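Accompanying notes for the structure given below.
The values are calculated or read from the model by the stated rules, or taken from the named source; none is laboratory data. Here the structure is a predicted model, which is why all the values come from computation and not from measurement. Cβ placement follows ideal geometry from the backbone for every residue including glycine, while neighbour counts extend to all protein chains displayed.
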Amino acid sequence: MTTLLTRWGEVEVAPTEDLPPEASEVLSEEALAFVARLHRAFEMRRRELLARRAERQAALDVGALPAFLPETQPIRTGDWQVSHPPSTLQKRHVEITGPTDRKMMINALNSGADVFMADFEDANSPTFANMVQGHINLRDAIARTIEYTAPDGRRYRLNETTAVLMVRPRGWHLVEKHVRVDGTPVSASLFDFGLYFFHQARRLLERGWGPYFYLPKLENHLEARLWNDVFNAAQDWLGLPRGTIKATVLVETILAAFEMDEILYELRDHIVGMNAGRWDYIFSVIKKFRKHDFVLPDRAQVTMTVPFMRAYTELLVRTCHKRGAHAIGGMAAFIPSRKDPQVNAIALEKVREDKLREANDGFDGTWVAHPDLVPIAKAVFAEKLGDRPHQKERLREDVRITERDLLNFHVPGGAITEAGVRNNLSVSLQYIEAWLRGVGAVAIFNLMEDAATAEIARAQLWQWVHSPRGVLDDGRKVTMDLVHQLMDEEIEKIRAAWGDAVFQRSRIHQAREIVESLIANAEFVDFLTSTAYEQLP
């Protein structure tokens, strides 16, 4: 444990053995003092907001339903606009996301996408080495010195033209256990944001970009207000004009869908857009209404055209455009196969249809998980928008979304199948196994799975086991006995696919313990990453 005394509190850092040599440059005294200052200024409010989440959940558990807030109606009906985006964030037709891994970062920046979101959150396994190396990689990318040499000798460098860089810090609910201020672990949000902003804000401005952020997992406008106050303080402390920071909020919780106007208003000097974070949104529906009498069918059947997903995305476009903000569509997670052209043809057509629906609905851009999907998405938005960077002039005043629409969780023709249970089990096991090894974005069954999709998988399994409605289409009740049986079989399939040598070195049994405990627990555990984080170095 290394201890640093600053006027902003005592900072303790518990380094791990695998930290890169440049770690001291990231974890400099000045940078840690900046993080400590953020901690001292905002940690109490963060805790209060998390307590508020728990109170809200308790109300939902006894039958309360979310609604548009009567006290903020003047904001929803008022005439105001968010800040104007800089030229670098005007065109966002295609955005690619991925972890801060060195090779993946180079490939994403070179992909031809308009924006690359470097992810410290759902696509990242938050080992301390990963977090510190990610900041080193971001530094080198901004300086254009980033390179990577693969084991086969191939070298990766940046192209002359790259995507614009944005960064997603971890959510308000997480902590960075390796850094403590005054004996308390720092907020992971403030750690990720603080280090990046302190080291790179001026360099980004010199580069012609700026400190651009994606904000995850907000549940209400008060959490957005906290981010806005953090932004103002950080800019003041570094002597940068307020509004230098630009942010996009992921609307990926159902509670946030009821406060989109309010979130935009709280961040109006900094926010330039909202994103339809589809996977976490589905997870939040299960989590928030876990005590209510409903179940969702197989994950593959919960598409963007089912009533509650359609309502939320239509409302997002209308709300954003009314306020002058970009509306960015959801993730296409398909990973093209090198071996099966027929699978590719079918899947790529579904990707094209998904992006065409978004473009026709008024979205100004969309997300993809793989560079091979960039040309498909770009072609769709180019055909729809031509030379226009966005279509914010489409106000979608035809959209009329009610509270009931947002809460209509009926999925026409939906069913729970044995194949759906098996898929959820296999995805949960394989993802958590990789996450425990420090890998946060994993290709499974030709889809890029991250923490959000793993959360859906394990949440559905919990819901199906604990709800009387968790019945398969063949009449069998989903029980822990069935889960154990199918898990045994799925693990054998994983063993056969990986081979005995890889399987024996893996952490699959540890992953199984985590998955089984999450499903069997009588109380729903809010985040699997919070539980599994204790097992990371």
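Pairs meeting the criteria (first residue in segment 384-411 and of a type in the set (Lys, Arg), second residue part of a loop (DSSP other than H, G, I, E, B), beta carbons under 9 Å, at least 6 apart or on different chains) are LYS384/GLN391; ARG388/LYS91; LYS392/GLY324; LYS392/ALA325; LYS392/GLY362; LYS392/ASP364; ARG394/GLY362; ARG396/GLY362. I'd like to verify a number: residues in segment 413-467 that are among the hydrophobic types (A, V, I, L, M, F, W, C) and in a helix (DSSP H, G or I), how many? Qualifying residue count for the region: 19. The residue of segment 118-145 that is nearest to GLY210 (Cα to Cα), among those that are in contact with a Gly (Cβ under 8 Å, 6 or more places away or on another chain) and either of a type in the set (A, V, I, L, M) or not in a loop (DSSP other than H, G, I, E, B) (or both), is ALA118. When you look at LYS378, is it on the phi < 0 side of the Ramachandran plot, touching a residue at least 60 places away in the same chain (Cβ under 8 Å) and surrounded by 16 or more Cβ atoms within 10 Å (Cβ to Cβ), yes or no? It is true that LYS378 is on the phi < 0 side of the Ramachandran plot, touching a residue at least 60 places away in the same chain (Cβ under 8 Å) and surrounded by 16 or more Cβ atoms within 10 Å (Cβ to Cβ). Assess whether ARG225 counts as being closer than 20 Å to GLU259 by Cβ and surrounded by fewer than 23 Cβ atoms within 10 Å (Cβ to Cβ). Answer is yes for this residue. One residue stands out in segment 57-103 among those that are acidic (Asp, Glu) and out of contact with any strand residue (DSSP E or B) (no Cβ under 7 Å at 6 or more places or on another chain): the one that is farthest from GLU383 (Cα to Cα), namely ASP61.
Among the residues of segment 482-519, the one identified as small (Gly, Ala, Ser), surrounded by 14 or more Cβ atoms within 10 Å (Cβ to Cβ) and under 24 Å from ALA419 (Cα atoms) is ALA511. What about ALA459, is it touching a residue at least 12 places away in the same chain (Cβ under 8 Å), surrounded by 12 or more Cβ atoms within 10 Å (Cβ to Cβ) and closer than 30 Å to ILE346 by Cα? Here the answer is yes, as ALA459 does meet what is asked.
Yes/no per residue for (1) over 24 Å from MET117 (Cβ atoms); (2) in contact (Cβ under 8 Å) with a residue 40 or more places away in the chain; (3) among the hydrophobic types (A, V, I, L, M, F, W, C); (4) crowded, with 22+ Cβ neighbours inside 10 Å:
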{"residue": "ARG268", "(1), (2), (3), (4)": "no, yes, no, no"}
{"residue": "ASN275", "(1), (2), (3), (4)": "no, yes, no, yes"}
{"residue": "ARG299", "(1), (2), (3), (4)": "no, yes, no, no"}
{"residue": "LYS322", "(1), (2), (3), (4)": "yes, yes, no, no"}
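The set of residues in segment 212-249 that are in contact (Cβ under 8 Å) with a residue 40 or more places away in the chain, part of a strand (DSSP E or B) and aliphatic (A, V, I, L, M) contains only LEU215.
Inspection of segment 352-375 identifies no residue that is in contact with a strand residue (DSSP E or B) (Cβ under 8 Å, 6 or more places away or on another chain) and surrounded by fewer than 17 Cβ atoms within 10 Å (Cβ to Cβ). crowded, with 16+ Cβ neighbours inside 10 Å, assigned by TED's automatic domain parsing to the domain that holds MET260 and farther than 30 Å from THR77 by Cα: does that describe ILE346? Here the answer is no, as ILE346 does not meet what is asked.
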